[in-house]
Structures are given as structure tokens and as C-alpha cells.
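Some notes on the structure that comes next.
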Amino acid sequence: MHHSTVNGSSRLTFWSHVREFAVPASMIESATARRQAGDWSGACAAARVDVDFNLRVLSRTRGKQFADLVRADLRHLAPDLLRWHFPRIRPDGVLRPGLTVSLARYRPPDGGDEVHLVARTPPAWAGAGQRISLALWERSGALSRAGSHPHPRPDRRFRLDLHRHLWDARRAFELRERCGAAQCDPERPDGRATHRWAAEAALLLRAEGWPGSAVVVRLSSRQQVVLDLDAPGLTATAPRACTLPVLPDAATWVPPDLELWHAGMIDADRLHPLVRSALLPEHRPASAPRSPDSTASSRLVDCRGALHRIGVVDGVLVPLDHGPDEIRREELLAALGGRSLPCLHAIDTAHRHPEDLLDIRARLDHGDVAGALAVVEGLLGPDALLLSGALRDELETAARRKVLHGLYRAELHDVRPLSSTEDSRGRGRRARRRHAALRHA
């Protein structure tokens with residue numbers, strides 16, 4: 001999905017960062033393997049998606065026929081594809097917090113209220129791990145397990161029930177047609193899917209049973225227009241209290257993947273396999289996916305006029321071109337206030353503020369703790385003892401925020417931290433530093 005403040009090259013830079021870190025290749029591979037084996041719950045677990053209902057209970061309370069409808073969709077749900085296309089926010093590209101997105105709608109056989117299969121994200125303060133939860137929602141609230149969720153109702157703007165190709169593996173091939181790739185449309189720097197608005201608006205009006213011919217298209221928080229199918233090409237500013245149907249965000253904006261590929265900002269093999277097969281059907285993926293993790297065995301350091309190596313030996317980062325006696329002597333001199341040996345200084349810096357810290361932060365922001373720890377182990381070794389500094393602070397903060405998410409999931413409503421505003425400011429500062437680094441890269 002698109003964020004309204006992102007346009008042109010800035011928009012593609014934003015989405016390039018999201019595609020690099022938000023859905024790791026290891027997650028896609030694991031979730032795909034489990035889904036193809038028929039293990040839909042295992043696929044959800046691999047993609048960090050929680051399921052907040054029980055199909056056996058649903059069968060007893062609503063009937064086997066209704067439960068089978070839900071089960072069929074779950075078997076074909078690609079939770080990693082859902083995460084790939086889920087709405088995101090600036091500046092870090094994390095999942096839009098506190099959101100309830102309708103994935104499918106069912107009419108129960110008994111003629112009761114319409115039931116929605118929804119995907120939810122926790123509020124920002126409980127967003128560690130970037131987990132998504134699946135739930136069932138109906139107007140009466142009988143099926144809901146919303147707990148302390150701030151917005152348990154399905155959002156009118158962010159909905160995917162009319163865009164199953166963004167989460168249903170059976171329909172993923174439709175992405176090519178729905179994003180305009182089949183018509184070889186030109187690139188759209190502003191990201192607006194204007195070529196699809198009329199068709200998507202007609203689909204929305206039919207689904208809602210709306211008698212009119214107009215819908216609202218939300219372009220930003222301050223810009224909303226009315227699209228009337230009876231007056232093609234003509235739009236007017238939408239009134240503030242407009243009750244017309246809202247064109248879903250998934251129909252308003254073009255998915256960024258094809259533009260990223262054309263711009264050379266993502267390799268075809270790094271696209272989600274279902275997205276790649278839809279957009280680039282002639283492409284044949286490489287046999288072995290590349291790992292993004294750091295795998296360097298040693299690094300060079302300018303040590304008093306000579307190039308020395310530091311590397312991981314027996315699980316820890318050590319200088320490779322200095323003997324044990326020399327290292328002990330240099331460590332003693334440094335402890336007494338002397339100037340540290342450059343190799344030892346490089347090791348100390350790697351522990352406290354490594355060059356890959358931006359990469360580690362991005363992985364933690366997107367919930368990829370395993371990927372972040374793999375980078376740390378590649379830099380420092382699996383047995384390294386972290387020293388005080390920015391790296392340890394980031395890992396400790398991630399651990400604390402993960403505890404908060406667990407408390408939120410346990411519905412302990414009074415755990416919201418007083419420092420949530422401070423935490424969001426810290427995330428903003430980190431994002432600004434990352435953007436500055438990208439500009440100077």
C-alpha cells in the first residue's frame with residue numbers, strides 16, 4: 001500500500017527499504033513450504049501471524065458448512081504474501097498499527113449478520129515483532145476477540161476482501177491485470193492507479209450494493225475527491241461528511257514492485273515468488289537464493305601502518321595478526337589510559353557501534369529478530385559478550401518491546417508504557433539517521 005507523503009524517487013526508496021527488510025526470504029520459504037504441505041496454521045506461524053479463533057469451536061457454534069468456508073480460505077491464505085502487501089507507514093515502513101483489515105466476507109447459512117475474516121495489527125506501543133493476528137468479526141461482536149484493540153471494526157479504506165490476489169494464493173495471478181502490467185502501462189511516479197479507478201469503483205459499488213455511481217478516492221489526509229462513473233474523468237472535492245463508499249487503498253495506488261524492478265532497485269529473485277510469477281511470468285529464479293546476512297570471515301584494519309585482519313575465532317571476534325602476549329600487554333596499557341591498539345579499537349567499536357547497526361536496527365524494527373541476531377553473530381561471533389553501547393541498547397530495547405507485545409496479547413490493558421511517545425521519537429531519530437546515510441551512500 002502507498003503512503004500519501006511518498007512520491008517519485010522518495011516513494012521507491014521507501015518501498016525498496018520495505019522490500020529489503022519487512023518480509024525475509026527465510027520467512028517466505030518456510031511459510032510457502034508449510035502452506036503447500038497443507039499446514040495452514042504452520043504457515044501462519046512461520047509468517048508471524050496469530051490465529052485468534054478455533055475452527056472446531058466455530059463448527060460447533062455456527063455449523064460445519066460455515067466453518068468449511070472459512071477453512072477453505074485459510075488453506076489458501078499465503079500469510080507471507082499478506083504481510084508483503086499489508087498497509088505500511090513512514091518513516092520505517094512498519095505495519096500500519098491499530099488496523100483491522102477485512103480479508104473475506106461470509107453470509108452465515110442461518111441468515112445472521114455478515115461475518116468478516118479480518119487481519120489486525122496491534123497498537124504502535126505493542127508492535128514489537130510486527131505480528132499480525134487473524135480474527136472473525138461481526139457487527140454484534142459475538143465472534144470478536146478484539147481485547148484492547150483500538151479499532152476492532154474493519155476499516156473502510158484499508159480492505160482486501162475485494163483484492164484477494166494480495167493474500168489468496170489461488171488468485172495471486174490477478175496481480176498482473178489489477179496493477180496494469182498486462183497493458184504495459186507507463187510508469188506512474190506519483191503511484192496513483194488512475195487507469196484502474198473506474199473498474200475498481202464499479203467493483204466496489206457492486207459489492208456494496210450501492211445505488212449511485214460515485215465513490216470517494218482518498219489521496220491524502222487533506223485531499224479527497226469524488227469519482228463519478230457517470231461523468232468519466234471528472235472529479236470534485238469530497239465534502240468532509242461524505243457517506244459515499246471509499247475506494248480501497250489497494251485500488252487507489254499501484255503496487256510498487258514492478259516499478260522497483262524497472263528502476264533496478266530490487267532484483268527479480270528478491271520479489272515474493274507469487275508476485276514475481278504474476279508480474280514477470282517469463283523470469284526463471286536462480287536455483288539458490290542469496291542470503292542477506294553478513295558472512296565475511298575477516299576484515300582489514302589499518303593498524304599502525306600495516307593492514308591487519310580481525311575475524312571470528314572460536315565464537316568471538318579477535319585480532320588475527322597479534323599474539324596473545326601482545327594483546328594482553330596492549331589491553332593493560334589501554335586500561336591504564338594509553339592509546340588502544342587499532343585492531344583492538346576496531347573490535348571494541350564493532351561491539352558497541354558496528355557499521356551494520358542500521359541494518360540490524362531495520363531488521364529489529366520489522367520484527368526479524370533471527371535475522372538481526374544472525375548479522376550480529378556474523379560480525380562478532382556467536383559467543384561474543386556485548387559491551388555497553390548502541391548495539392546492546394538496540395537489542396535490549398527490542399527485548400523489552402517484545403515483552404510489551406506479550407502483555408498486550410494477554411489482554412493486560414494497563415501495560416501501555418508511559419514512554420511510548422519517547423519511543424516513537426527515538427524511532428523517528430533513527431529513521432532520520434538512516435535516511436541521511438542513504439543520501440550519502
Take the residues in the stretch 364-377 that are of a type in the set (A, V, I, L, M, F, W, C) and open to solvent by 30 Å² or more (accessible area, probe 1.4 Å), then tell me which one is farthest from GLY127 (Cα to Cα). ALA374
Mind listing whichever residues of the stretch 233-271 are in a loop (DSSP other than H, G, I, E, B), at pLDDT 95 or above and among the β-branched types (Val, Ile, Thr)? ILE266
Does ALA45 fit the bill of being of a type in the set (Gly, Ala, Ser), more than 18 Å from GLY367 (Cβ to Cβ) and open to solvent by 40 Å² or more (accessible area, probe 1.4 Å)? no
If you check ARG328, ARG392, which single one turns out to be over 26 Å from ASP80 (Cα atoms), modelled with pLDDT of 95 or more and not hydrophobic (A, V, I, L, M, F, W, C)? ARG392
Among the candidates ARG131, ARG159, ARG96, single out the residue that is touching a residue at least 60 places away in the same chain (Cβ under 8 Å), farther than 20 Å from PHE21 by Cβ, within 20 Å of the chain's Cα centre (by Cα) and open to solvent by 20 Å² or more (accessible area, probe 1.4 Å). ARG159
Considering (1) surrounded by 14 or more Cβ atoms within 10 Å (Cβ to Cβ); (2) modelled with pLDDT of 95 or more; (3) more than 16 Å from the chain's Cα centre (by Cα), say which one ASP68 fails and leave the rest. (1)
Look at the stretch 336-360 and say how many of its residues are over 35 Å from the mean Cα position of the chain (by Cα) and more than 15 Å from LEU387 (Cα to Cα). 8
Is it fair to say SER140 is open to solvent by 40 Å² or more (accessible area, probe 1.4 Å) and more than 29 Å from ARG206 (Cα to Cα)? no
Is it the case that some residue within the stretch 308-328 is assigned to a helix (DSSP H, G or I) and open to solvent by less than 50 Å² (accessible area, probe 1.4 Å)? yes
Note: among ARG434, ARG361, ARG430, just one is of a type in the set (Lys, Arg), open to solvent by less than 60 Å² (accessible area, probe 1.4 Å) and at pLDDT 80 or above, namely ARG361
Can PRO211 be described as open to solvent by 70 Å² or more (accessible area, probe 1.4 Å), over 26 Å from HIS116 (Cβ atoms) and assigned to a loop (DSSP other than H, G, I, E, B)? no
Among the candidates ALA67, ALA43, single out the residue that is touching a strand residue (DSSP E or B) at 6+ places or on another chain (Cβ under 8 Å) and either without any contact (Cβ under 8 Å) to a residue 24 or more places away in the chain or under 21 Å from ASP168 (Cβ atoms) (or both). ALA43
Any residue at all in the stretch 183-192 that's in contact with a Gly (Cβ under 7 Å, 6 or more places away or on another chain) and open to solvent by 70 Å² or more (accessible area, probe 1.4 Å)? yes
Test ARG276 against the stated conditions and say whether it is open to solvent by 40 Å² or more (accessible area, probe 1.4 Å), modelled with pLDDT of 95 or more and of a type outside the set (Gly, Ala, Ser). no
LEU391 is checked against (1) assigned to a helix (DSSP H, G or I); (2) of a type outside the set (Gly, Ala, Ser); (3) out of contact with any His (no Cβ under 7 Å at 6 or more places or on another chain) and fails just one. What number does that condition carry? (3)
Check ARG170, ARG88 and return the single one that is open to solvent by 10 Å² or more (accessible area, probe 1.4 Å) and out of contact with any Phe, Trp or Tyr (no Cβ under 6 Å at 6 or more places or on another chain). ARG170
Qualifying residue in the stretch 18-27 (condition: more than 24 Å from TRP125 (Cα to Cα), open to solvent by 40 Å² or more (accessible area, probe 1.4 Å), over 12 Å from the mean Cα position of the chain (by Cα) and among the hydrophobic types (A, V, I, L, M, F, W, C)): no
Kindly evaluate ARG107 against the criterion of being among the basic types (Lys, Arg) and either under 28 Å from ALA362 (Cα atoms) or touching a residue at least 40 places away in the same chain (Cβ under 8 Å) (or both). no
Kindly check whether there is at least one residue in the stretch 409-423 that is farther than 14 Å from TRP125 by Cβ and either open to solvent by less than 60 Å² (accessible area, probe 1.4 Å) or at pLDDT 55 or above (or both). yes
From the options ASP321, ASP348, residue that is at pLDDT 90 or above, in contact with a strand residue (DSSP E or B) (Cβ under 6 Å, 6 or more places away or on another chain) and either closer than 30 Å to PRO123 by Cβ or of a type in the set (Asp, Glu) (or both): ASP321
For the stretch 164-180, pairs from a residue that is modelled with pLDDT under 95 to a residue that is outside any helix (DSSP H, G or I), with Cβ under 6 Å and 6 or more apart or across chains, are CYS179/VAL254; CYS179/PRO255
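The values are calculated or read from the model by the stated rules, or taken from the named source; none is laboratory data. Quantities reported herein were computed from a predicted structural model and do not represent experimental measurements. As a convention, Cβ positions derive from the backbone with ideal geometry for all residues, glycine included, and neighbour counts pool all protein chains shown. Each accessible area value is taken on the protein alone, full model and side chains, heavy atoms only, with ligands, DNA and RNA left out. Shrake-Rupley method; radii C 1.70, N 1.55, O 1.52, S 1.80 Å.
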